[in-house]
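The values are calculated or read from the model by the stated rules, or taken from the named source; none is laboratory data. All values reported here derive from a predicted model rather than from experimental measurement. Don't worry about glycine lacking a Cβ; one is built from the backbone with ideal geometry, like all the others, and counts go over all protein chains shown.
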Amino acid sequence: MGLTQALATSLSGLQATQTSLSIVAGNVANAQTPGYVAQSVSQVAIGSGDSGESVRVTAVNRLLDSFVQQQLRTETSGGSYADLNASFYQQLQQVYGQPGSSTTLDSLFNGFTSAVQALSTSPNSSAAQAQTISAAQGLASELNRATASIQSLRSQADQGIAGDVDAANNALQQIANINQRLQGMTASDSAKASLEDQRDQAIDQLSKLVDIRVSKSGNDQVTVFTSSGTQLAGTQAGQLQFNPSGTISPTQQWNANPALSELGTISLTMPGGGSVDLLANGSIRSGEIAGYVNMRDNVLVQAQSQVDAIAAQMSSALSDTTTAGTAASVGTQNGFTTDVGGMLAGNTTRIVYTDSSNVQHTVNIVRVDDPSVLPLSNSATADPNDTVVGVDFSGGMASVVTQLNTALGATGLQFANPSGTTLRVLDGGPGTITVNSVATTTTATTVSGGSGALPLFMDGTAPYSGAITASGAQSVGYAGRIQVNAALIADPTKLVNYQPGTAAGDATRPNFIYNQLATTSLQFSPATGVGGATSPYNGTLPAFLSQMISQQSLAATAASNLQAGQDVVVNALQTKFSASSGVNIDTEMANLLSLQNNYGANARVMSTVKQMLDALLQM
C-alpha cells in the first residue's frame, strides 16, 4: 500500500467517523423530541487495486421495531375509540342526573305518580289537583331537557367528525408529500431519516383517527389503507369529504341509503380515482372518527328512543282505550265486528287468529293518513313478531275493506263493512282459520270524554296517537315536544271531572291515571335497547325507567373499564416502542467514546503519512 493510498484510507475513515459523530450528536440532541427514532450508520469496506481498503457510509438507519410500531398504531386506534366512548357516556350520565337527586328523570316520574296517588285519596282537593299538574309539567320539562341534551351531544359528535376529517386529510397529504420526496433520495442521504420520522408522526396521528394498516414497498415508500383494505394514501393522497349538519334534531338520522339519510356521511375520493362511502361499507371500524359516528348514529339515537318511549307510552297509557270486538257470524263463518270510526292516525285494530296448522298469528292494522308511507314495516309497532298492515282511511270504509282483503286475503281472513264505520272480520268457514279476537284502540282527544282516559300529555297542541307520516313516526323526538294539556292547566278540576255530573270526590279518573302509570304492563319497542330484538320488554313504566337507567349506568361503567384497559395496553406498547426505538443516552455516550478513539486513530495515521511525505519531499 502506497502513502497516497494510506492517506486516502485514513481520510475515508475520518469522513465515516464524522458522519457517525453527527448521527450520535443528533440522537443526543433529540432524545426528548416526540416521534424521533434513534439512528445509526451502516459502513462497508471498499477495496483498492493495491490491496488497500477504505470505508464508506452506505446508509443512515433508523433503529425501528416495525412490528411493535404496527401493534402500537392498532391499539392507539382502539384506545382513541375507547377514550371517546367513555367521555360521551360520562356526559350522557349527566343527562339523567345524579342518582338520588330530586331532578333526575326517575325522581320526577315518581313525584308525578305520588302526586296522582295523593289526588286519588283527595279528589276534591284543589291543592292536590294543582300539585298533580305541577308534577306533570316538571316531568314533561325534564323530558324536553333530556332530549335537548342528547341532541346537543349528537351535534357535538357531528362536529367532532368534521374536525377529525380535516385532521385526517392533513395527515394523508403529508404522508403523500413525504413519499414523493423520498423517491429521489439514497439510503445515505442525511435528510432521509428525518423525513421518515415526520411521515411516521403523520401516520401515528392518522391512527388515532382511523384504524389503518401500513404497507411498505421499495424505495422506502409506504401505502396506507384502512384496516378493511380501502387505500387512503401512497404517493397520492385520498381526500375525505364530510358535510357537518350543525344543530341536529331527533328526526335527523343517518341511513346507508343516501336518499333516506338526513345526516352527513364520510366519503373518500381515492388516489386512483373513484369515490366510496366509508360509513355505508363499514370501512371505518375504530379510532376517534368511528367513536364519534357510533355516538351520533347508534348510542345517542338509542338514548333518544328510550326517553321517547317513556313519553309516548305514558301519553298513550293515559289517553288510549282498547275496546274488544263483538262476536259475529254470517252463515258458517265466524268472527268479530269492531267500530273503527274513532281511530286516529297511528291507532290500531289488533286481530289474533289461529291457522289450520294450529299456529297463532297477530295482525295489527294501523290507520295511516299519509299514503306515501305505505306499505308499513313490521317494525312500525312494538311487537316484532306481528304482521303490520297500514291502511289509508281517506277513501272511506269501502276502500278500507278492499285494502284489507287485498293485503290479508291469503291468510283466510275476510273483511266487510256491514254498516257505518263497523269493520267485520270473519274466518273462511269450517276447516279454515279461527279468529280468536279483535280489538280496536282509540285515542281520547278531549278531557271530557266520558271515561277515565284523557290526553293529559300532548304533542304540542295535538294529541299523541303514534301517527306515521312521510316525516317519520310521531314517537321520534316526542320527548322533546311533550307538554301538559293546556285545557288541564287552565282547569285542573278536569283531572277528576271526566263527564257532566261527576261528583267532586269521584276518584275514578285519578285511580285510572295512577294505575296506568304505576301498575299497567306495557310493551316497549326493541329499538330502545331494553329487551331483545325478538322479545320486546314488557313491564310497567317505573320498571322500564329503572331498566333504562340501569342499562345506561352499566354501559358507562363498561366504557370506563374498557378505556382503562386500553390505556394500559397502549402505555405498555408505547414504553416497549420507546425502549427499542428511542434514544438511550448511555449507549450514545459509549458510542461517542468509541468514535472519539476512532477519529484520533485515523487522524494519527494521516499525521504520520504527512510526516513521511514531507521527509520524502526533502530527500
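Here are a few things to note about the model shown:
- Filtered residue count, region 372-396, keeping only those that are surrounded by 13 or more Cβ atoms within 10 Å (Cβ to Cβ) and more than 32 Å from the chain's Cα centre (by Cα): 3
- Within the set Arg367, Arg296, Arg285, the sole residue that is more than 30 Å from Leu232 (Cα to Cα), of a type in the set (Lys, Arg) and within 33 Å of the chain's Cα centre (by Cα) turns out to be Arg367.
- Cβ-Cβ under 7 Å pairs, at least 6 apart or on other chains, region 468-482 side of a type in the set (Lys, Arg), far side surrounded by fewer than 22 Cβ atoms within 10 Å (Cβ to Cβ): Arg481/Asp459; Arg481/Gly460
- Whenever a residue of region 346-371 is in contact (Cβ under 8 Å) with a residue 24 or more places away in the chain, its partners that are charged (D, E, K, R) and buried (at least 16 other Cβ atoms within 10 Å of the Cβ), lying with C-beta atoms within less than 6 angstrom and at least six residues away or across chains, give the pairs Asn347/Arg367; Thr362/Asp386; Asn364/Arg350; Asn364/Asp386; Val368/Asp392.
- Of the residues in region 504-513, at least one is in contact (Cβ under 8 Å) with a residue 40 or more places away in the chain, within 27 Å of Ser141 (Cα to Cα) and charged (D, E, K, R).
- Looking at region 257-342, the strands (runs of 3 or more DSSP E) lying wholly inside it that each contain 3 or more residues that are out of contact with any Asp or Glu (no Cβ under 8 Å at 6 or more places or on another chain) and of a type outside the set (Val, Ile, Thr) sit at 326-330.
- Search result, residues across region 434-452 that are of a type in the set (A, V, I, L, M) and either surrounded by 23 or more Cβ atoms within 10 Å (Cβ to Cβ) or at pLDDT 95 or above (or both): Val435, Val438, Ala439, Ala444
- In region 588-616, the residues that are under 13 Å from Leu7 (Cα atoms) form Cβ pairs under 8 Å with partners that are surrounded by fewer than 14 Cβ atoms within 10 Å (Cβ to Cβ), at six or more places apart or across chains, as follows: Val609/Leu3; Met612/Leu3; Leu613/Leu3.
- Which listed residue, of Gly274, Gly282, Gly246, Gly287, is within 17 Å of Ser152 (Cβ to Cβ) and among the small types (Gly, Ala, Ser): Gly246
- The residues listed here are Leu573, Leu592, Leu545; of these, the one that is at pLDDT 85 or above and closer than 21 Å to Tyr36 by Cα is Leu573.
- Every residue from region 406-434 that is under 17 Å from Asp339 (Cα atoms) and either part of a strand (DSSP E or B) or among the charged types (D, E, K, R) (or both): Gln414, Phe415, Ala416, Thr422, Leu423, Arg424, Val425, Leu426
- For first residues located in region 438-455 and farther than 30 Å from Thr354 by Cβ, partners that are among the charged types (D, E, K, R) and part of a loop (DSSP other than H, G, I, E, B) and lie 6+ apart or on another chain with Cβ distances below 9 Å form the pairs Val447/Asp491.
- Test for Ser553: is it under 30 Å from Ala382 (Cα atoms) and in contact (Cβ under 8 Å) with a residue 60 or more places away in the chain: yes
- Residue match in region 59-70 (condition: modelled with pLDDT of 75 or more and of a type in the set (Asp, Glu)): yes
- Against the test of being under 28 Å from Asn497 (Cα atoms), in contact with a Ser or Thr (Cβ under 9 Å, 6 or more places away or on another chain), aliphatic (A, V, I, L, M) and crowded, with 18+ Cβ neighbours inside 10 Å, the options Leu139, Leu119 yield a single qualifying residue, Leu119.
- Qualifying residues in region 1-18 (those that are surrounded by fewer than 17 Cβ atoms within 10 Å (Cβ to Cβ), part of a helix (DSSP H, G or I) and not hydrophobic (A, V, I, L, M, F, W, C)) - the one nearest to the chain's Cα centre (by Cα): Gln18
- Residue check for Val530: buried (at least 17 other Cβ atoms within 10 Å of the Cβ), of a type outside the set (Lys, Arg) and within 28 Å of Gln91 (Cβ to Cβ): yes
- First in region 56-71 and within 14 Å of Ser20 (Cα to Cα) and β-branched (Val, Ile, Thr), second anywhere and at pLDDT below 85 and assigned to a helix (DSSP H, G or I), Cβ under 7 Å, 6 or more apart: Val57/Ala16; Val57/Thr19; Val60/Ile23; Val60/Lys192; Val60/Ala193
- When the residues of region 258-270 are filtered to those that are under 25 Å from Ala168 (Cα atoms) and free of Cβ contacts under 8 Å to residues at least 60 places away in the same chain, the one that is surrounded by the fewest Cβ atoms within 10 Å (Cβ to Cβ) is Pro258.
A quick yes/no check of all residues on (1) of a type in the set (Val, Ile, Thr); (2) touching a residue at least 24 places away in the same chain (Cβ under 8 Å); (3) closer than 30 Å to Gln93 by Cα:
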| position | (1), (2), (3) |
| --- | --- |
| Ala127 | no, no, no |
| Gln131 | no, no, yes |
| Gln137 | no, yes, yes |
| Glu142 | no, yes, yes |
| Arg154 | no, yes, yes |
| Gln159 | no, yes, yes |
| Ala162 | no, yes, yes |
| Asp189 | no, yes, no |
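- Residue check, Val366 in contact with a Ser or Thr (Cβ under 8 Å, 6 or more places away or on another chain) and within 18 Å of Asn385 (Cα to Cα): yes
- Remark: Asn179 matches the filter, which requires a residue to be at pLDDT below 95 and either over 17 Å from Asp200 (Cβ atoms) or buried (at least 19 other Cβ atoms within 10 Å of the Cβ) (or both).
- One residue stands out among those in region 150-161 that are surrounded by 19 or more Cβ atoms within 10 Å (Cβ to Cβ) and out of contact with any Lys or Arg (no Cβ under 9 Å at 6 or more places or on another chain): the one that is nearest to Ile513 (Cα to Cα), which is Ile150.
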